[in-house]
Structure formats: structure tokens, C-alpha cells
Amino acid sequence: MSRTKAYIVSADIITPYGHGVERCWSGLLSGKHALKKVERFDTRPFVSDQAGLIDGIEYGKEDSLVIQALKRLFEKPGHGIPRDARLIVASTKGEIDLLERAVAQGSDEFNQCTVASLLPKAQKLVGVSDSGYVISAACASASAALARAASTVTSGAADCVVVVACDSVSEFVYSGFSSLMALDRTLAKPFDKNRKGLTLGEAAGYALVMSDARARKEGRPIMGEIAGWGLTADANHITGPSRDGKPLALAIRKAMEMGGDGTTIGSICAHGTGTAFNDSMEIKAFTRALGQRTSPVYSLKGAMGHSMGAAGLVEALVALKSLEHGATPPNINLDTVDDEAKGWAFPEQRPFGGATSVLSTNSGFGGVNAALLLSQVT
Amino acid sequence: MFINGMGIVFAGGSGIEKFEGALAGPWVAPNSHNEAGLPSYQADLAGAGRQDLLKKIRRADKMSKMAVVAAADAAEDAGLENLAAHRVGVILSTAHGPHVTTFKFLDGIYDYGEEEVSPITFSNSVHNSTCSYIAQTMDIQGPTLTVTQFFHSFYNALSLASLWLADDRVDYALVGGVEQYGDVLSWIVDQKLTTAKDGMIKPFNLTPTPQVPGEGAAFFLVSKTAMGKAYCQVDDIFLGWDADRAIKADIRVIDSDGMAPDESAYLACGSSGVPMAAYSPLFGSMMSGSAFNMAAAALTLKHQRVYPNPVADNPHNLPLLPKDFGVDINRMSCLRFDCRGEAMGAHLSRA
């Protein structure tokens, strides 16, 4: 009997480019970034004032920023998520803006704005019966959640899982990354020789992961297969990634092993934050895992900022889009390719013909790595 | 899946011997009261071993320190050394995560301004930082994940560990639950739930159960095969519970601790006649307290020793575990209901 496969059968996102995967893809292909000045809080104390922000979501509303974004995804009819889908939420700080407000106002609504309290709200919005759980793996949360969804389906524990991912630009996270001196004073330039740090961003989205049998039975359109996944830890430092890239390479190898012999990688949607250490570590990892078989590497974070726990979901969907088109999006803000990244990263869009799979990788705070192998389904 | 090692940090101290001593001993009153007079069970790491590890992570918050000590103890208890040489994964479950540190960082913003906030505090406020400290101190390069949920986070984490082992992703998994006490949390639960003003959680009162916040960490080293000192086998992790279809167990350990406003769902457990135990009065009310109760069940199976209910008030005439339970204990059931009456739990059997 053949192994059960995990297909992504529907998905939607809201990013700084707007609503929808198509809008995100066309925004990327335009070569123009979607970063802008932050107005929702005072940025004067920080080293930067730029971020990738979703239009129309605001501080001070009854709903948190992430719930405002998620409502746009789920309040329109026809998202087609079955009620029996298992629920996994990926987020690093959830409704942290509500907590900021509760503390500032001395409110007792702390229990309404913890990471766990996001679950019943997401459950209600999505319309599933499962109360779900939150996967936290810092900025690899969404890719780890997609891996968990895929393993749930392939193991037969469930035949349908919805992954909801969201994070927002709040004063809390902006203060935190600024205090870590991790923000670029101008704009993030992943894989650039002159990169100085990241630019924060926000996004929300979902992906419905279904078994091949159920997807076919229900006549679902198939966007792609989560054909392999690998998760590893650096065991290095709470804020600094591995210096040699071995743990990420291990995660990539594991994901590729699952794809089986003959897997060809067309491109790599990298974490690519724009910090000196992250980007260097990633190129080392790609070199370790793929050797001379270079595949074009791109990052979305120069275009949209770093949406933390949501990044992995947006990136997986863009990676599938790139597979569909046989070309990467451009590396926006990449001007002078870093010596280490030469042959891997390119400023412009790069075609890659003939490949049936792509990689999407994330490496989060605390040294957590996730690699997804995404494949075409014929 | 077998439980081969355990590590526990709780109000009664650090280590399995301390925990077993607490299970065997009489109920002990909460060791702390805050300014409002609200009781709590708080862990004291000063007396914990592992000062070498604690020194390595001196900048970590208390949540991470408790978890690192418990995880290291679990690996040592199982006899697993040099973790870098093995395929080990870490799964941490929590309901509230680093909430104390999150508040501390927010307070820093308001008290000192954004320019003066601590990058270390921000790092520690990230929800998976505890997992990362475990990986860092124990040199673990396998998968690490944090599972957050109010009531069933531990059983979901255990289920994931089982899947990783079945998928051959890891040979060993360190899976555990951790919660940190905070005055804000104490105040909130006092507002929303029924506080045991006398400090005594009465886990069989159920309508409601009075709560006393606790804190601590309980970790398990699990693998597909039994190692030399295996405590027990985890036969299955179940979702949903039905008295008529429940597998017959010799003892049922329930997680009632007052963290849900109404815990009357546990009353149905009494109809089967299976003796019931609940140990929350020893470590306090914690949404991931399931890990501590499962540790008690694992000790019971391994040592074939009955640990009597520390607080045996029984207004509903439930079949409580007798002190002189004189039969072999082959199978135990651990169970937690959430606030909607949905159950998750695990069946354990002798190794």
C-alpha cells in the first residue's frame, strides 16, 4: 500500500502586499518592496522606523492586530475548511498588542491575550470543532506547524489539518528586536554584502493540509505536496545561530530524504533575515546539504519584512508559486551579493526549469531550524 | 513508548526522590503567600542540584531554569549520557509560557522607556526560549518544539513525542510540562476561579475544586524500547473519554485542580468503580499539571506502591484510592478534562 501523502489543498494569506497569494506573488515580481514607516506607535526610540505592515489593521481596536487580519481571511464565505479539520496555530507573540494595552491600562484581561487564548478565537473564526494547540518555534513556527500537520496526515492520525499562522508588528517586538540591535537602520537586505539587520513585518494566513485520498475524494484542487520535513536545534545560543550551518543542513537532508531518490530542488526560499550571522549560516547550510548542486536562493524579507511566526507559511506558499512558474521571485533590496552567497542568491528573478520540488527553510530564535520539501503533484 | 527517566522540579524540591517523598507523605500547605494573602506552591531552585547547568543559563528566566533542571534529571535518570551522540528531540508543553518574563519586558518599556529595555529579557520572553535553553545546555540537535494550550498541552506534546518515535525521527524524546508562578496569574485566577483560601486543593470537590497556583517542571525521557530503569509503558494517548468505553484500569489519576470553573466532568469517572487518585494538592494547580500526575502514575507502576490521595475530602462519594490497595497494579489511566468537558489522557502499563 502506498504511503499517505499530505497535500496543501487551499490557502490564503494577508501580507503587506495585500490579500491573497496571487497579490503577494505579483507584488514580489514587481520588484518593489512593501515596507513603510511605522505610524502605529512612536518609533523615535528605535534604530529603525520601517516595517512591512498590513494595510487597514490598527492599534486600539477591540480586536488585536492578528485577529483583525485573520477576520479578513475567514469572515468571507467559501474558504472551504471542513469542520472536522484539526487546528494548529503558529505564532510567536499572538495578541501581544492587547497585552500591551492591558498592562498600560491596568486591565485584568491578561487571560484574554496570551498565546493560548488565541486558540478559541482562531477556532471560532475558522469554524472547526477541534480546540487545537499552538506550535511555538519562534520564527520557524509556521514551517514547524506545517511539518506537524503533514506528519499528522501521513501517520493517519487525521486526514485534514488546518494551519493558521499570524504575527504582527507591535511595540513589544519592535522594542525587543531594537534592543538586540537586530534591526537594519534602513531596510533589510538579505544576502547582501552590506546587510545590517532585519526589518520587521506582519502577516496572517492559513493552509489546509489534507490526505491525498480525501483530497481526491472531495475533488479538491491540489496546490502541492508537503513531501518532506526536517526539524533540528542548533544547541548554540539563545540569540545567535550556529556558525557552521550543520543543524540546518541536517534538517534539509532529512526533508530531502523523505522526498526520495531523484528529488530535484528547483529553488530555496530561505529564511534570509538580513542579519549578518543568519544569512551566512544559511548559505553554509545549503552548501553542506546540496554541495555543488546550487539552487537559486531567495528571501522575501527584503520585500515584506520578517513576519516571525507567520513567515514560514507565507514563504511555503510563495515557494509553491515559484515551483508553478519555474522561477524564483527577485531578492528585493539585494544590491551587492555577499561573497559567500555568490552563485546562490541573485538580485533578479531566476528561472529554474525541470525541477519538481523546492525547499523552504526557516531558522528561528534560540536556534530552531525547519526545512520543508514542497513538491508538485501530477 | 516507554518512560525511561523522569525529572521533576516542584514546590517540594527537585528530583524524583523528593517527589516520591511528597507522594508518600502527608499534605503540605502552600509554601508562599503573596501580598494579597493568596497562597501558592512555588519552586525553590536554590536547593536544586544541577548548579553547573544553572550557572550556564544564569541569564535565563525561572521557567527555563526549572525546565532545564527537570530535563537534565530525566536524561540522567534514564542513564542517557552524551546526548549530542544520540537522536534526541525536545517537546515542551505549557499553558502560559514565559508570561512572567513577558510582563517584565512590558514593565521595562513603561518604566524605563524603549531605549532601556533588556535584550536578555526580550530573548527570554520568546515562547520557545525554554526549549532552546534545554537544547543548548544539553547539546541536543534534534527537533525542539513548544506546544501551547490551556488544558491538554502536555498530552498533545506526549502524542507528538510518540509520533516522532514512530516516524523514526528521534530515538529519544524529552517531553515535559512547565509553568511558572506569577502574581498577575495568581490574581487573575483568584478573580475567575475559586481560590482555596486555606491553601488546600480538594481535587474531589469538583463543583468547584478550589485552586492554589503552583509552578514547576516535570520531564520524561521516552523511547520506543524500554531502557534498564523503565518506569512504565505508555500504551496510548487518547482524545475523548467515555465511561462506558473506557479501558479498565487498576487506578485512574485525574488532573482536577481547580483550573477550570467546573470540573464536574470527572464525576463520570466514578461510575466505573476504578479507584481514583489526584495529586494536585502536592504541587499546586497548573494547566500542564498532567505531567506531574503522570509522573505519580509512572512511579506507582514501577514501584508497585500506592500513594494515597493527599487530600481525600470526598463529597460526591467517589471510589477513592484506598491506602491499603492490595493488588498488583498493571494498568493506570491518566485523564484531564478541559473547561468544555473534553478529555485527553494516557493509558500506562507496567514495563
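The values are calculated or read from the model by the stated rules, or taken from the named source; none is laboratory data. Quick caveat, the model's predicted, so the values are computed rather than measured. Positions of Cβ are backbone-derived with ideal geometry, glycine not excepted, and every protein chain shown enters the neighbour counts. In case anyone asks, the SASA skips ligands and DNA or RNA and just uses the protein heavy atoms, side chains included. Shrake-Rupley method; radii C 1.70, N 1.55, O 1.52, S 1.80 Å.
Here's a check for you: in region A:76-126, which residue that is among the charged types (D, E, K, R) and over 21 Å from residue B:152 (Cβ atoms) is surrounded by the most Cβ atoms within 10 Å (Cβ to Cβ)?
A:97
Please verify whether region B:173-181 includes one or more residues that are among the charged types (D, E, K, R) and within 12 Å of another protein chain (Cβ to nearest Cβ).
Looking through region B:173-181, at least one residue is among the charged types (D, E, K, R) and within 12 Å of another protein chain (Cβ to nearest Cβ).
Name every residue in region A:96-140 that is within 29 Å of residue A:271 (Cα to Cα), within 7 Å of another protein chain (Cβ to nearest Cβ) and without any contact (Cβ under 8 Å) to a residue 60 or more places away in the chain, in order of residue number.
Hits for region A:96-140 are A:114, A:115, A:116, A:119, A:133, A:134, A:135.
Would you mind stating whether residue A:149 is crowded, with 24+ Cβ neighbours inside 10 Å and touching a helix residue (DSSP H, G or I) at 6+ places or on another chain (Cβ under 6 Å)?
no
With the structure loaded, tell me whether residue B:107 is within 26 Å of residue A:142 (Cβ to Cβ), surrounded by fewer than 23 Cβ atoms within 10 Å (Cβ to Cβ), within 8 Å of chain A (Cβ to nearest Cβ) and of a type in the set (D, E, K, R) or whether it fails that test.
It is false that residue B:107 is within 26 Å of residue A:142 (Cβ to Cβ), surrounded by fewer than 23 Cβ atoms within 10 Å (Cβ to Cβ), within 8 Å of chain A (Cβ to nearest Cβ) and of a type in the set (D, E, K, R).
Test residue A:281 against the stated conditions and say whether it is buried (at least 24 other Cβ atoms within 10 Å of the Cβ) and farther than 26 Å from residue A:9 by Cβ.
Yes, satisfied.
Take region A:170-195 and flag every residue that is among the aliphatic types (A, V, I, L, M) and either within 14 Å of chain B (Cβ to nearest Cβ) or open to solvent by 10 Å² or more (accessible area, probe 1.4 Å) (or both).
Across region A:170-195, the qualifying residues are A:173, A:180, A:181, A:182, A:183, A:187.
Of the residues that sit in region A:202-236 and are of a type in the set (D, E, K, R) and more than 14 Å from every other protein chain (Cβ to nearest Cβ), which one is nearest to residue A:171 (Cα to Cα)?
Result: A:202.
Find the residue count for region B:110-143, including only residues that are open to solvent by 10 Å² or more (accessible area, probe 1.4 Å) and either assigned to a helix (DSSP H, G or I) or of a type in the set (Lys, Arg) (or both).
Residues meeting the conditions: 13.
State yes or no: is residue A:76 free of Cβ contacts under 8 Å to residues at least 60 places away in the same chain and under 30 Å from residue A:221 (Cβ atoms)?
Answer is yes for this residue.
Working only within region A:291-306, note down all residues that are open to solvent by 10 Å² or more (accessible area, probe 1.4 Å) and out of contact with any Pro (no Cβ under 9 Å at 6 or more places or on another chain).
Answer for region A:291-306, where residues must be open to solvent by 10 Å² or more (accessible area, probe 1.4 Å) and out of contact with any Pro (no Cβ under 9 Å at 6 or more places or on another chain): A:291, A:292, A:293, A:294.
Which condition number does residue B:163 fail, the rest of (1) within 8 Å of chain A (Cβ to nearest Cβ); (2) in contact (Cβ under 8 Å) with a residue 12 or more places away in the chain being met?
Answer for residue B:163: the failing condition is (2).
When you look at residue A:199, is it among the hydroxyl-bearing types (Ser, Thr, Tyr) and over 30 Å from residue A:64 (Cα atoms), yes or no?
no
Would you pick out the residues in region B:164-179 that are modelled with pLDDT of 95 or more and assigned to a loop (DSSP other than H, G, I, E, B)?
B:170, B:171
Residue B:335 fails exactly one of the following numbered conditions: (1) within 14 Å of another protein chain (Cβ to nearest Cβ); (2) in contact with a Gly (Cβ under 9 Å, 6 or more places away or on another chain). What is the number of that condition?
(1)
Condition first: among the acidic types (Asp, Glu) and touching a residue at least 60 places away in the same chain (Cβ under 8 Å). Now tell me which residues in region B:221-242 satisfy that.
Selection gives B:235, B:236.
Looking at residue A:239, is it in a strand (DSSP E or B), within 14 Å of another protein chain (Cβ to nearest Cβ) and of a type in the set (S, T, N, Q)?
So residue A:239 does not fit the description; no.
Identify the single condition in (1) open to solvent by less than 10 Å² (accessible area, probe 1.4 Å); (2) at pLDDT 95 or above that residue A:159 does not satisfy, given that it satisfies every other one.
Among (1) open to solvent by less than 10 Å² (accessible area, probe 1.4 Å); (2) at pLDDT 95 or above, the lone unmet condition for residue A:159 is (1).
Name, by its number, the condition in (1) surrounded by fewer than 20 Cβ atoms within 10 Å (Cβ to Cβ); (2) modelled with pLDDT under 95; (3) part of a loop (DSSP other than H, G, I, E, B) that does not hold for residue B:200.
(2)
Out of A:136, A:143, report the one residue that is under 23 Å from residue A:15 (Cβ atoms) and modelled with pLDDT of 95 or more.
Going through A:136, A:143 in turn, the sole match is A:143.
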